[in-house]
1. Rounded, prolate or oblate: pick one for the stretch 91-147, where a ≥ b ≥ c are the square roots of the eigenvalues of its C-alpha gyration tensor, a/c under 1.5 means rounded, and failing that, prolate if a/b is larger than b/c, else oblate.
2. Need one number for the stretch 84-181: average projected area of the convex hull over its C-alpha atoms, nm².
3. Please list 2-12, 147-157 highest first by mean number of surrounding beta-carbon atoms within 10 Å per residue.
4. Under the rule of at least 5 residues apart or a separate chain, name every residue whose amide H is placed under 5 Å from the amide H of Lys166.
5. Name the residue, out of Asp28, Asp139, Asp180, whose mean-square fluctuation peaks in a Gaussian network model built on the chain with Cα pairs under 10 Å.
6. Roughly what would the spin-label model give for Asp58 and Glu126, points 7 Å off Cα along C-beta, in nm?
7. Students often check this: by mean Cβ neighbours within 10 Å, which of 63-69, 78-84, 53-59 ranks highest, and how do the rest follow?
8. Starting from the Cα coordinates of the stretch 50-125, work out the convex hull volume and express it per residue in Å³.
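The values are calculated or read from the model by the stated rules, or taken from the named source; none is laboratory data. Here the structure is a predicted model, which means the values were calculated and not measured. Counting neighbours? That spans all protein chains shown, and the Cβs are built from the backbone with ideal geometry, glycine included. Ligands, DNA and RNA are excluded from the accessible area calculation, which covers all protein heavy atoms including side chains. Shrake-Rupley method; radii C 1.70, N 1.55, O 1.52, S 1.80 Å.
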Amino acid sequence: MSTVVLHNVVSLDGYVAQLDDDPGPLFDWYFNGDRPLSAQDMSDPEPGGLRISQTSYDYVHPMWDSIGSTVIGRHLFDITNGWEGKPPAGDHVVVVSHRPKPGGWHPEASYHFVDDVAAAIATARELAGDRTVAVAAGDVGGQALALGLVDEVAMDVAPVVLGTGKPFFGPVDGQHLLEDPHVVIQGDRVLHLRFKVRR
């Protein structure tokens, strides 16, 4: 059975982007290393693409490679235009939205529009098989955590204080206990952390 991982880059004060959706310096570590990294083809990245430190590569590459499907909210889909039908990692994307897929939008793409978070996670698990389901942080990720559907929380913590912005867990209510981190990796301008959700 697949593992559901809530994942995102995050600031020290818990934000995944500024209020205007700009990640600002949160993604700087994706461009400060010597090792090319591409979500679509790790061995032959596009010119000017991602270049991270070897330490981060050794963590990020197998993590991205393990992803079978990704769950995102409609807002992320809209601001990225669904990455033009090419999932950033894995083979499938499940979009939580009360609106259907835009008419004529990349009919060949394995993008599924579901109007309920629990149903979206179930769909993503079915599509992923034994591979990982990645859930984007923010409102949808926070809802999935609150529903008890998240197995692990993965954070790439950038040494940045944004002051305000879009919170990692969205407007989640109540306490949710996590285990001590079982992954702690110091990269260049990023700290990779991974926690199992306490049941």
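1. Verdict is oblate for the stretch 91-147.
2. Approximately 8.1 nm², given one-decimal rounding.
3. Top of the packing list down: 2-12, 147-157.
4. Val16, Ala17, Gln18, Leu19
5. Maximum fluctuation in the GNM of the chain, among the listed residues, is at Asp180.
6. With each label placed 7 Å out from Cα toward Cβ, I get 4.0 nm.
7. Listed from highest to lowest mean packing, they are 63-69, 53-59, 78-84.
8. 98 Å³
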